[in-house]
Amino acid sequence: MVASMLLAISCKKETNKTSLVPPIDPDECVQGQSINNGDIIPGQYIVAYNNNIVNRMMGEEGLVNRGADVLERNNIAETKMKKVFAGEPGGFVAILSDAEALKLKKDPDVKIVEPDRVIALAGCFTIAQPRLITWNINRVGYGDGRGKRAWILDTGIDMDHPDLYVDPTKSRSFVTGITSPDDENGHGTHVAGIIGGLNNTIGVLGVASGATLISLKVMGANGQGTLSSIIEALAYINANATAGDVVNMSISLEVNSPTLNEQVQNTANRGIYFSIAAGNDAKAANLYSPANANGANIVTISAIDSLNRFASFSNYGNDVVDYAAPGVYILSTYLGAQYAYMSGTSMAAPHVAGLMLLKGRALNVSGSAVNDPDGTADPIAHY
């Protein structure tokens, strides 16, 4: 059955096994984090409840009332609450003084109070001609993703790209002041193409070609967003995704966020798979959320190049990293029906997201990363 599936794909997009790359230095052109990634947003806090305090399907009115009760009994004005989120554990975002935050930490219904933070991308891209089946897709393998769903937390997806199938009914923006889930940056569209680039006669092929892609926009045109927006998006997934769906998070914070990790873990416990980028700072991945969120349905991905060499920029560490995948000079879809090269663990994670759409957690491996800095080579994920 697998052989016939692969044959059907190759009938449309002819295999091109050449590994042509643009003349750029991957160390200077990585989709990493900008200098203000992880910065605290002064006075803005995420308040997460103890588990089972709210129903993950609770509507906005119920969540607002629940948050108002918590604030009132702590003598904090309801007007300080900016927005609410469901999911597991659920909670709200509020503008608080340090004293008010400390007071809420002692409330019996509250598990976590942590500062909201800036999420920010940096890096560059190179516009290029499409290459149909690229080296990286050949490296990990590919199959028919039709009927499968991938939820992509990122800068959005180009909703009109001819090489992608994006569900406009489920897609959402969680960026304040922006209602459209359309991509204005390019990063999310690039990630989307690696997962589900269509099996047609144009462009590039995705690992799970034809998969339904859901755009969850948590960062704007400048590649910046907030931790609370990501938590809101995860709550939306928790309420709307079904077992077997895959979530891609090409996002990392060089801090530990208990609320973020708990939302990921609780959602994964419902049979929803997560593929998470290890991060691009050549540091231990266990310093980064959500890369350090462990669980049976959660995988964290480091990056390799076309020669299986561990990428110089990739975070590492077998305590949280599960697999390596291609992340250097990756050609994929881009804004305006274009195609571009990008590098980063942001590009490695969607390869494994595509594989999990096809195989769940029953992934194969093919070789291992060369020169893994932690001394234990990450296995390279494969169909």
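The values are calculated or read from the model by the stated rules, or taken from the named source; none is laboratory data. The structure displayed is predicted, hence computed values, not measured ones. Here Cβ is always computed from backbone atoms with ideal geometry, including for glycine, and neighbour counts include all displayed protein chains. Protein only, heavy atoms only, side chains kept; ligands, DNA and RNA dropped before computing areas. Shrake-Rupley method; radii C 1.70, N 1.55, O 1.52, S 1.80 Å.
Let's see how each residue does on (1) touching a residue at least 60 places away in the same chain (Cβ under 8 Å); (2) open to solvent by 10 Å² or more (accessible area, probe 1.4 Å); (3) acidic (Asp, Glu); (4) in contact with a helix residue (DSSP H, G or I) (Cβ under 9 Å, 6 or more places away or on another chain):
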residue	(1), (2), (3), (4)
Ala48	yes, no, no, yes
Asn51	yes, yes, no, yes
Val64	no, yes, no, yes
Val70	no, no, no, yes
Ala77	no, yes, no, yes
Val93	yes, no, no, yes
Asp116	yes, no, yes, yes
Ile119	yes, no, no, yes
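Identify the residue in the range 129-175 that is aliphatic (A, V, I, L, M), more than 17 Å from Leu335 (Cα to Cα) and modelled with pLDDT of 95 or more and, among all such residues, is most open to solvent (accessible area, probe 1.4 Å).
This residue is Val175.
Just a yes or no: is a residue in the range 101-112 open to solvent by 20 Å² or more (accessible area, probe 1.4 Å), charged (D, E, K, R), under 29 Å from Pro326 (Cβ atoms) and touching a residue at least 60 places away in the same chain (Cβ under 8 Å)?
No, the conditions are met nowhere in the range 101-112.
Only one of Asn200, Asn185 is closer than 16 Å to Ile127 by Cα, of a type in the set (S, T, N, Q) and surrounded by fewer than 24 Cβ atoms within 10 Å (Cβ to Cβ). Can you tell me which? Write out each step before concluding.
Values: Asn200 fails: closer than 16 Å to Ile127 by Cα.
One residue alone meets the criteria, Asn185.
Being in contact (Cβ under 8 Å) with a residue 40 or more places away in the chain, more than 16 Å from the chain's Cα centre (by Cα) and more than 24 Å from Pro162 (Cα to Cα) is true for just one of Asp374, Asp319. Which residue is that?
On the way: Asp319 fails: in contact (Cβ under 8 Å) with a residue 40 or more places away in the chain.
Asp374 is the lone residue from the list that is in contact (Cβ under 8 Å) with a residue 40 or more places away in the chain, more than 16 Å from the chain's Cα centre (by Cα) and more than 24 Å from Pro162 (Cα to Cα).
Being closer than 23 Å to Pro162 by Cβ, surrounded by 17 or more Cβ atoms within 10 Å (Cβ to Cβ) and in contact (Cβ under 8 Å) with a residue 60 or more places away in the chain: is that true of Met347 here?
Here the answer is yes, as Met347 does meet what is asked.
Can you tell me which residue among Ser312, Ser302 is over 17 Å from the mean Cα position of the chain (by Cα) and polar (S, T, N, Q)?
So the residue among Ser312, Ser302 that is over 17 Å from the mean Cα position of the chain (by Cα) and polar (S, T, N, Q) is Ser312.
State the number of residues belonging to the range 218-270 that are free of Cβ contacts under 8 Å to residues at least 60 places away in the same chain, buried (at least 21 other Cβ atoms within 10 Å of the Cβ) and of a type outside the set (Val, Ile, Thr).
Total meeting the criteria: 1.
Failed condition for Asn222, given (1) at pLDDT 95 or above; (2) in a loop (DSSP other than H, G, I, E, B), with all others met?
Result: Asn222 passes all but (1).
What are the residues in the range 305-332 that are in contact with a Phe, Trp or Tyr (Cβ under 6 Å, 6 or more places away or on another chain) and buried (at least 24 other Cβ atoms within 10 Å of the Cβ), if any?
Residue satisfying the conditions is Leu331 alone.
Can you tell me which of (1) under 25 Å from Val93 (Cα atoms); (2) open to solvent by less than 10 Å² (accessible area, probe 1.4 Å); (3) touching a residue at least 60 places away in the same chain (Cβ under 8 Å) is the one Ala278 doesn't meet?
In the conditions (1) under 25 Å from Val93 (Cα atoms); (2) open to solvent by less than 10 Å² (accessible area, probe 1.4 Å); (3) touching a residue at least 60 places away in the same chain (Cβ under 8 Å), Ala278 misses (1) alone.
For Val328, all conditions in the list (1) more than 20 Å from Val370 (Cβ to Cβ); (2) in contact with a Pro (Cβ under 7 Å, 6 or more places away or on another chain) hold save one; what is the number of the exception?
The single condition Val328 does not satisfy is (1).
Scanning for something assigned to a helix (DSSP H, G or I), under 20 Å from Trp151 (Cβ atoms) and out of contact with any Leu (no Cβ under 6 Å at 6 or more places or on another chain), does the range 332-346 turn up at least one residue?
Yes: the range 332-346 contains one or more residues that are assigned to a helix (DSSP H, G or I), under 20 Å from Trp151 (Cβ atoms) and out of contact with any Leu (no Cβ under 6 Å at 6 or more places or on another chain).
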